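Working notes for the structure below.
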There are 2 protein chains.
Amino acid sequence: MLEIITPMKTAEAREAVLESARKSETEKRGRKASKEVRQLQLIEATIDSLAKRGYSETTMADVADGAGLSRGIVNFHFESKEKLLVATLAYMADEYAAHWRAALTKAGDDPARQLRALVAADFDRSICNKRKLAAWCAFWGEAKSRPTYQALCGARDAAYQKIFIDLCATLKESGGYAYEPQVMALALSAMLEGLWLRLMMGTEDVTRETALQAANEFLSAAFPKHYPWASGSKPA
Amino acid sequence: MLEIITPMKTAEAREAVLESARKSETEKRGRKASKEVRQLQLIEATIDSLAKRGYSETTMADVADGAGLSRGIVNFHFESKEKLLVATLAYMADEYAAHWRAALTKAGDDPARQLRALVAADFDRSICNKRKLAAWCAFWGEAKSRPTYQALCGARDAAYQKIFIDLCATLKESGGYAYEPQVMALALSAMLEGLWLRLMMGTEDVTRETALQAANEFLSAAFPKHYPWASGSKPA
DNA sequence: TATCATTTGTTGAACATTCATTCAGAATGG
DNA sequence: CCATTCTGAATGAATGTTCAACAAATGATA
């Protein structure tokens, strides 16, 4: 069977491969790229197509064209359209998970800093941009009727949710708040997703900055002892 | 040209027509139903199909079968698949808007009660159920690449958003809060949409009750002077 | 009321298009 | 050479749309 690439090794390795994929866009004919590079190239083209045309209008031909390759190529590297889409979603889910884990690690040991870092990470340009948001939303729209998507769409999955709950519990302890950690964590993570949806829609004048500001306002309201600063300002 | 029905007159009229549509499901052949009833019947079947199969797999044949009618019928009442889908989305958007407006009116003049009523209205069974949520999400997934959908998907539109901002501003005034009303309103409405998304996905153990609880927790955190009660309890 | 004509609603088969998949063969690299 | 990668035309299935025929309601006429 086809062995799907496992996209997450390190962020650097990922970038390197992507760089190769980009470079090869100029010299595109013939057998110029490794299997891994080709697959990533096709996945990127798939994200492009999803963002530009939506799920229902994304075709194999469009993906192939977007990658500058021939029609039959996708069925060679991925067996079917379905598998290409699953691989694309898995790729984005891995990327997302790696991103918040990295942010969490970099935030050190202070729970308040960790929570703030997690929230801010959601609005980094690297993962929070029109293209990727549109692709995410395209999958969300199909997730209910496809168990495979549904499982992967929990990028904000059980592990992610558990971190939120634990952090909320810790902050409640140290701040003497009255909230149920589980409930507050749900409210918080739901708001983050909702802000993504708003950003994706792109109506209104909601920007990444506005969205982050709203998320921080939430934090200040929910955990006033830990985030006492006025809206907009940030800690050192 | 085809004159699309305008679905919102009164809630009672709507229900009456739907009732007719339901009744006619038994005696379905021949010319038994008015134009309006048939159109609603087909729209309901479309929502069913969207919920069951997702946007990309919703076909004219499936809609017709779901309504117990023949294949060509949809092109008679709506000119094309595209127009059927637009009519379906418009129907849902109207229903949603009518619902929150009614809730707002019923809440009286107190801003705190109004805001709480708006939030609670979002989780009423009549509009917040698996079927409708799935249909909404199906449209969201396609909205970015279709201006028509994008416009209608703002069921939570400018007017809705403005109400939230005004209410937040009023509460800020009377409660002496420090938040920017616009930002807080964005956080709040985004959270409501995010909770819908979670409900739709249906993973985890998020129920309508849990979601409402989370939303109320948010209100208590953001406006403690106005919603001082502990989580779960409600005012008279 | 009975009969007929016209409008309106409905059907299902035929049609045209789009699209994923297949595959025989070409091109490339080792 | 041999294995691997790639191409592009051919194929077949799925599906939106059209339409000629049919059926039911409505209205006109006597």
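Computed values, structure above
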| quantity | calculated |
| --- | --- |
| Residues that are open to solvent by less than 10 Å² (accessible area, probe 1.4 Å), among the acidic types (Asp, Glu) and under 21 Å from B:PRO181 (Cα atoms), drawn from the range B:100-143 | B:ASP122 |
| Meets criteria (touching a helix residue (DSSP H, G or I) at 6+ places or on another chain (Cβ under 7 Å), more than 16 Å from DNA strand D (Cβ to nearest atom) and aliphatic (A, V, I, L, M)) for B:ALA90 | yes |
| Within the range A:67-83, tally of residues that are assigned to a loop (DSSP other than H, G, I, E, B), more than 8 Å from DNA strand D (Cβ to nearest atom) and open to solvent by 70 Å² or more (accessible area, probe 1.4 Å) | 1 |
| Meets criteria (open to solvent by 10 Å² or more (accessible area, probe 1.4 Å) and not in a helix (DSSP H, G or I)) for A:ASP62 | no |
| Selection count, the range A:116-162, where residues are of a type outside the set (Phe, Trp, Tyr), within 14 Å of chain B (Cβ to nearest Cβ) and part of a helix (DSSP H, G or I) | 22 |
| Test for A:LEU197: is it in a helix (DSSP H, G or I), open to solvent by less than 40 Å² (accessible area, probe 1.4 Å) and more than 7 Å from chain B (Cβ to nearest Cβ) | no |
| Test result for B:LEU50, in contact with a Ser or Thr (Cβ under 9 Å, 6 or more places away or on another chain) and either within 10 Å of DNA strand D (Cβ to nearest atom) or modelled with pLDDT under 95 (or both) | no |
| Condition check for B:ALA211: within 8 Å of chain A (Cβ to nearest Cβ), in a helix (DSSP H, G or I) and modelled with pLDDT of 95 or more | yes |
| Selection within the range A:130-159 - among the hydroxyl-bearing types (Ser, Thr, Tyr) and touching a residue at least 12 places away in the same chain (Cβ under 8 Å) | A:THR148, A:TYR149 |
| The range A:94-119 residues that are of a type in the set (Lys, Arg), paired with ones that are outside any helix (DSSP H, G or I) (beta carbon under 7 Å, 6 or more apart) | A:ARG113/A:ALA107 |
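Okay, residues lined up against (1) closer than 18 Å to A:CYS137 by Cα; (2) among the β-branched types (Val, Ile, Thr); (3) within 13 Å of DNA strand C (Cβ to nearest atom):
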position: A:THR46; (1), (2), (3): yes, yes, yes
position: A:SER49; (1), (2), (3): yes, no, yes
position: A:ARG53; (1), (2), (3): yes, no, yes
position: A:THR58; (1), (2), (3): yes, yes, yes
position: A:ALA64; (1), (2), (3): no, no, yes
position: A:GLY68; (1), (2), (3): no, no, no
position: A:GLY72; (1), (2), (3): no, no, yes
position: A:PHE78; (1), (2), (3): no, no, yes
position: A:GLU82; (1), (2), (3): yes, no, yes
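The values are calculated or read from the model by the stated rules, or taken from the named source; none is laboratory data. Everything numeric here is computed off the predicted structure, so don't read it as measured data. Please note: Cβ atoms are built from the backbone with ideal geometry, for glycine as well, and neighbour counts cover all protein chains shown. Just so you know, the surface numbers come from the protein's heavy atoms only, side chains and all, with ligands and any DNA or RNA stripped out. Shrake-Rupley method; radii C 1.70, N 1.55, O 1.52, S 1.80 Å.
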